[in-house]
């Protein structure tokens, strides 16, 4: 990826940052990166990006995929979520921007190329982080008919982040924390979600998660709302 982006962008490439699950443990389902550019890609460069991703993803394990944001360097210097300028979903904004900045500035980031996060992004305020966490909790509420390992552990992460005031955590870490925090009735769905991310899922886990998720959401959302009141 580094060599390919240098070839495509040259001096217009400002930074490549790797972050997310690969930094927290051996099991992960995607590869998260932010690519910072000094100017938006031309249509031809957009096509080159697509071909680069396709070449790399052919060599990745079945569960792994590239989840990469392309943003402008000047936009990355601001607290507002930057818009994607890559060839997929152009204009889509990074609504996890405050959480990403917190992770990068805490060292949960590998600088693959170029500028350090400390040279670019501003520290998020606690109010910014709370707003992002609130959006996450609200979004989970729209998924009651399609519970998933992702949303199960995201709810764990939101609650853990609020109660500990530490947002630099992974889904699996948050699941482990929730097993200590939540009542026994919540353990089965959390453990099933964690097995998915650890790649040890059992055949019955998808049905278990889909069935249990509405009740799990109500349980955890009440705790999240209480945590917002005191945070």
Listed by first then second residue, the pairs whose first member lies in the range 54-78 and is in the same structural domain as residue 37 (by TED's automatic domain parsing) and on the phi > 0 side of the Ramachandran plot, whose partner is surrounded by 14 or more Cβ atoms within 10 Å (Cβ to Cβ) and modelled with pLDDT of 95 or more, with beta carbons under 6 Å and at least 6 positions apart or on separate chains, are none
Are any of the residues in the range 178-191 in a helix (DSSP H, G or I) and within 28 Å of residue 123 (Cα to Cα)?
-> yes
Kindly list the number of the only condition in (1) out of contact with any strand residue (DSSP E or B) (no Cβ under 8 Å at 6 or more places or on another chain); (2) surrounded by 14 or more Cβ atoms within 10 Å (Cβ to Cβ) that fails for residue 84.
-> (1)
So, first residue under 17 Å from residue 104 (Cα atoms) in the range 21-45, second residue part of a helix (DSSP H, G or I) and modelled with pLDDT of 95 or more, Cβ within less than 8 Å, six or more apart or across chains; the pairs are 34/76; 34/100; 35/5; 36/73; 36/76
Restricting to the range 182-230, what's the tally of residues that are in contact (Cβ under 8 Å) with a residue 40 or more places away in the chain, surrounded by fewer than 16 Cβ atoms within 10 Å (Cβ to Cβ) and more than 22 Å from residue 145 (Cα to Cα)?
-> 3
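Here is a yes/no grid of residues against (1) in contact with a strand residue (DSSP E or B) (Cβ under 6 Å, 6 or more places away or on another chain); (2) on the phi > 0 side of the Ramachandran plot; (3) in the same structural domain as residue 82 (by TED's automatic domain parsing); (4) in contact (Cβ under 8 Å) with a residue 24 or more places away in the chain:
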| position | (1), (2), (3), (4) |
| --- | --- |
| 106 | no, no, yes, yes |
| 114 | yes, yes, yes, yes |
| 130 | no, no, no, yes |
| 135 | no, no, no, yes |
| 140 | no, no, no, yes |
| 151 | no, no, no, yes |
| 168 | no, no, no, yes |
| 171 | no, no, no, yes |
| 176 | no, no, no, no |
So, in the range 137-168, of the ones that are surrounded by fewer than 20 Cβ atoms within 10 Å (Cβ to Cβ) and over 13 Å from residue 213 (Cβ atoms), which residue ends up nearest to the chain's Cα centre (by Cα)?
-> 168
Members of the range 46-64 found to be touching a strand residue (DSSP E or B) at 6+ places or on another chain (Cβ under 7 Å) and not in a helix (DSSP H, G or I), listed by number | 64
Would the range 113-134 turn up any residue that is closer than 21 Å to residue 210 by Cβ, touching a helix residue (DSSP H, G or I) at 6+ places or on another chain (Cβ under 9 Å) and either in a helix (DSSP H, G or I) or modelled with pLDDT under 95 (or both)?
-> no
Restricting attention to the range 74-97, does a residue exist that is over 22 Å from residue 133 (Cβ atoms) and part of a helix (DSSP H, G or I)?
-> yes
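One line per residue, one yes/no per condition, for (1) modelled with pLDDT of 95 or more; (2) in a loop (DSSP other than H, G, I, E, B):
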position: 5; (1), (2): yes, no
position: 8; (1), (2): yes, no
position: 11; (1), (2): yes, no
position: 28; (1), (2): no, yes
position: 32; (1), (2): no, no
position: 41; (1), (2): yes, yes
position: 44; (1), (2): yes, no
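The values are calculated or read from the model by the stated rules, or taken from the named source; none is laboratory data. Computed from a prediction, not measured in an experiment: that's the story for all the values here. Using ideal geometry, Cβ is built from the backbone for each residue, glycine included, and neighbour counts are taken over all protein chains shown.
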